[in-house]
Amino acid sequence: MDLKKFVRDVPDFPKEGIIFKDITPLLLNPEAFRHAVGEMLKPYRGERIDKILAMEARGFIFGAPMAYELRCGLVIARKKGKLPRRTLQATYSLEYGEATVEVHQDSIGENDRILIVDDLIATGGTARALASLVEKQGGKVVGFSFLVELTFLKGREALGNYRVETIIKY
Ligand code: AMP
């Protein structure tokens, strides 16, 4: 199934010069959505995963069905100020701007094996910040799963030796 057909380019959003990859057409197509979730899981099916860490907001859309399917826990990483209890924070730069991400302090245990999920990897800054939040809590990053990779931004290189799996590459 050619999932690229379901990703729409939106030029100059949210800023001039950025081509936003809009995945909402994929969500509207039940077969494409199921296929995308299945493909994002496939490389990790043989691995022991204790929890999926999904990034707000589009990472939730893919991370939640993956956790349901794997019968593992789901940890949500949110933008600053949204989580009600004590958090751990990491600040990072985006393709467009800077942001702080946080997780609840008790969300990841020592030696928990974590799969990190988001819709898209651009520069890899968000992903690196998420890995640091896992490791600060003593967790182990098993790998990353993204639906879309913007290869020209070299996010994969920014992630060094971590395992990075992506489905749609531009
Ligand atoms: P980065 O930290 O640079 O890898 O950026 C990845 C995060 O920003 C993900 O949460 C993406 O959803 C979002 N993002 C960055 N660039 C784009 C883009 N061109 N289209 C859609 N989402 C993007």
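Filter segment 133-149 down to residues that are crowded, with 22+ Cβ neighbours inside 10 Å and either part of a helix (DSSP H, G or I) or basic (Lys, Arg) (or both), then give me how many there are.
2
For segment 109-125, name all the residues that are open to solvent by less than 40 Å² (accessible area, probe 1.4 Å), without any contact (Cβ under 8 Å) to a residue 60 or more places away in the chain and either within 13 Å of the ligand (Cβ to nearest atom) or touching a Leu at 6+ places or on another chain (Cβ under 9 Å) (or both).
Once the filter is applied, which keeps residues that are open to solvent by less than 40 Å² (accessible area, probe 1.4 Å), without any contact (Cβ under 8 Å) to a residue 60 or more places away in the chain and either within 13 Å of the ligand (Cβ to nearest atom) or touching a Leu at 6+ places or on another chain (Cβ under 9 Å) (or both), segment 109-125 yields ILE121, ALA122, GLY124, GLY125.
Under the condition of being touching a residue at least 40 places away in the same chain (Cβ under 8 Å) and under 19 Å from TYR170 (Cα atoms), which residue from segment 27-47 is farthest from the ligand (Cβ to nearest atom)?
GLU39
Limited to segment 73-126, what total is found for residues that are of a type in the set (Ser, Thr, Tyr), assigned to a loop (DSSP other than H, G, I, E, B) and in contact with a helix residue (DSSP H, G or I) (Cβ under 6 Å, 6 or more places away or on another chain)?
Qualifying residue count for the region: 1.
In segment 1-28, which residues are assigned to a loop (DSSP other than H, G, I, E, B) and open to solvent by 90 Å² or more (accessible area, probe 1.4 Å)?
MET1, PHE13, LYS15, GLU16
Tally time: how many residues in segment 12-23 are free of Cβ contacts under 8 Å to residues at least 24 places away in the same chain, near the ligand (Cβ under 10 Å from one of its atoms) and more than 18 Å from ILE168 (Cα to Cα)?
Going through segment 12-23 one residue at a time, the tally reaches 1.
Which of (1) within 16 Å of the ligand (Cβ to nearest atom); (2) out of contact with any Ser or Thr (no Cβ under 6 Å at 6 or more places or on another chain) is the odd one out, the single condition CYS72 does not satisfy?
Here CYS72 meets the rest and fails (1).
Looking at ARG128, is it over 12 Å from the mean Cα position of the chain (by Cα), under 23 Å from ILE19 (Cβ atoms) and open to solvent by 70 Å² or more (accessible area, probe 1.4 Å)?
No, not satisfied.
Residues being touching a helix residue (DSSP H, G or I) at 6+ places or on another chain (Cβ under 7 Å) and either hydroxyl-bearing (Ser, Thr, Tyr) or under 13 Å from LEU115 (Cα atoms) (or both): count how many of those fall in segment 33-64.
Result for segment 33-64: 8.
The values are calculated or read from the model by the stated rules, or taken from the named source; none is laboratory data. Computed from a predicted model, the values in this text were never measured in an experiment. Quick reminder, even Gly has a Cβ in these numbers, built from the backbone with ideal geometry, and neighbours come from all protein chains shown. Remember, those area values only see protein heavy atoms, side chains included, never the ligands or the DNA or RNA. Shrake-Rupley method; radii C 1.70, N 1.55, O 1.52, S 1.80 Å.
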